[in-house]
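Everything on this sheet refers to the single structure shown next.
The values are calculated or read from the model by the stated rules, or taken from the named source; none is laboratory data. Fair warning: this is a prediction, and the values are worked out from it, not measured in the lab. All Cβ positions, even for glycine, are placed from backbone atoms using ideal geometry, and neighbour counts span all protein chains on display.
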């Protein structure tokens, strides 16, 4: 009887440790997605994937591309790089930004979007770039610059 109780107590303790560990892993997750008309950057925990789009024009004076070629590369982020990314997001004010900035709807713009989920907090910010309207907010530009800097680790090609 004592052996059964001891076994049950050990089993429940192990289950609690696994459960807490699983919750900690979920709480420490990070997902960041950046997209522009030519680049897509995705960070999923320590994995980074970069997709670059090249537009080709059959008619050099046409504003409409005749084809688009996508090239994707991947790489792993170091612990220091992840910490830097986390600190930038948590300390520069990005989480407090509005949902949209830049040109109003109905005006011509180039879209730049950053979406993230960090430790259960989700945020999506769209910057509509048009030189006649406001610049991107500083926290957006800082995070965009850091993400572009981190793309240097993406050196392994991903097959289409």
Report whether or not residue 18 is assigned to a loop (DSSP other than H, G, I, E, B), over 16 Å from the mean Cα position of the chain (by Cα) and either at pLDDT below 95 or exposed (fewer than 14 other Cβ atoms within 10 Å of the Cβ) (or both).
no
Go through the range 21-38 and count every residue that is surrounded by fewer than 16 Cβ atoms within 10 Å (Cβ to Cβ) and either within 12 Å of the chain's Cα centre (by Cα) or modelled with pLDDT of 95 or more (or both).
2
If we keep just the residues of the range 151-160 that are touching a residue at least 24 places away in the same chain (Cβ under 8 Å) and not in a helix (DSSP H, G or I), which is farthest from the chain's Cα centre (by Cα)?
160
